[in-house]
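Working notes for the structure below.
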Amino acid sequence: MRPSLSAAVLAGAVLSLAAVTGCSAATKHAERPGATPYPAKRATDPPAGNTAGAAPDGCPTAASLPLPKDFPENLPVPDGAVVTSVEHRTGGRLVVATVVRGGFDTTLAFLHTQLPKAGYIPEEGEVEKDDAESNFFTATVRGRWALRKMPDCEGGVYLTYLTAAAS
């Protein structure tokens, strides 16, 4: 199967985002008053802010942004994930950055088992030491997840989803 231009753009956007989110969460996320803990119901209105806070050790605080209402409803997210930022981009693309405290291997196993169970077909993925990524799709959604070990948070990993409507 030959990748489409939108898949190439989607992949480039995730890789760019991964380079940015690879920095310490403590320097990238400002505290957002009134954030609700995950798991929270999907937002019905845009959040007042678009980032969640981090503790001095680089791990996120218990505060989390809610998943936006346009996040694919059946796209699996690990239990306890803290949504640290939400970004709406041109072309209907949505970037949701999370931090998961379950460890790299556990989170990777979750993605490998739960996405296919939810109907998401993986393609063009790779796993390396401390990072992994994969495209995925359904009849209605195309996306990519990126997983990176956090250097400043014991057992923490960055898990970023980039999604868009399938064209």
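The values are calculated or read from the model by the stated rules, or taken from the named source; none is laboratory data. This structure is a prediction, so every number in the text was calculated from the model and none was measured. The accessibility values were calculated without ligands, DNA or RNA, using every heavy atom of the protein model including side chains. Shrake-Rupley method; radii C 1.70, N 1.55, O 1.52, S 1.80 Å.
Points to keep in mind about this one:
- Rg and Dmax of region 55-131, both derived from C-alpha coordinates alone, stand at 13.7, 38 Å.
- Phi-derived couplings, Karplus 6.51 cos²θ - 1.76 cosθ + 1.60 at θ = phi - 60°, listed residue by residue for region 70-78: 8, 5, x, 4, 9, 6, x, 10, x Hz, with x used for Gly and Pro.
- The share of accessible area on region 97-167 that comes from carbon and sulfur is 53 percent, using a 1.4 angstrom probe.
- Å³ per residue enclosed by the Cα convex hull of region 66-110: 85 Å³
- Probing with 1.4 Å while keeping every protein chain in the model, the per residue accessible area of region 59-161 equals 44 Å².
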